[in-house]
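A short worksheet on the structure shown next.
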Amino acid sequence: MSDIIDDSQEEIPIVDTIYSIFRDSTRRKILTLLGNMKLTADELTKELAISRPAVEKHLKQMLEIGLIERKADTYPTLKYIYTIPSPGLELLSNVRDSIDTFISALSEEYTRRLENEEQMYVLGMSSKERYEAIKESYTSILDRLQK
């Protein structure tokens, strides 16, 4: 694995933080909710059905890198409203587009490979077991990616 990584490039700490944010399902849910509307921590707590301190911990990590922002609303009482600024919305859009492109390309590649394996089977150059195993494997992967 270390052969693949180019050690000459500097590491960018924010990349690890962004990966960490996307890796966590709760933070992804928060980003999805904030992508659709402005919400307070209390509203997020209700939507996510988790504790207020847990919500605040997730929000803090995203605030620290500017992925979300917080604005004070003083009427009728002080509350903070969380939103995603334009650069964050652009990042999320690009990530979604990249994931969609990846899934589409992988689907096309697996379909092509399966068609080739089917041809090999029909021509007697591959076994039914091999064809069925490959078909099951690719179908399983594609089903998980479509969810």
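Observations, loosely collected:
- Selected residue (only one of D24, D73 is under 30 Å from I141 (Cβ atoms) and of a type outside the set (A, V, I, L, M, F, W, C)): D24
- Residue satisfying all of: in the stretch 36-46; loosely packed, with under 15 Cβ neighbours inside 10 Å and in contact (Cβ under 8 Å) with a residue 12 or more places away in the chain; nearest to L78 (Cα to Cα) among these: D42
- With respect to the conditions (1) within 30 Å of L44 (Cβ to Cβ); (2) surrounded by 14 or more Cβ atoms within 10 Å (Cβ to Cβ); (3) among the β-branched types (V, I, T); (4) not assigned by TED's automatic domain parsing to the domain that holds G35, I68 falls short on a single one, namely (4).
- Residue within the stretch 135-142 that is surrounded by 10 or more Cβ atoms within 10 Å (Cβ to Cβ), modelled with pLDDT under 95, closer than 30 Å to T17 by Cα and among the β-branched types (V, I, T) present: yes
- Within the stretch 90-107, if we keep just the residues that are among the charged types (D, E, K, R) and under 12 Å from the mean Cα position of the chain (by Cα), the residue that is farthest from I68 (Cα to Cα) turns out to be D100.
- Restricting the stretch 108-130 to residues that are of a type in the set (D, E) and under 20 Å from L142 (Cβ atoms), the residue that is surrounded by the most Cβ atoms within 10 Å (Cβ to Cβ): E117
- Considering residues of the stretch 50-66 that are within 21 Å of the chain's Cα centre (by Cα) and in a loop (DSSP other than H, G, I, E, B) only, the residue farthest from L33 (Cα to Cα): I65
The values are calculated or read from the model by the stated rules, or taken from the named source; none is laboratory data. Bear in mind the structure is a predicted one, so any value in this text is a computation, not a measurement. Positions of Cβ are backbone-derived with ideal geometry, glycine not excepted, and every protein chain shown enters the neighbour counts.
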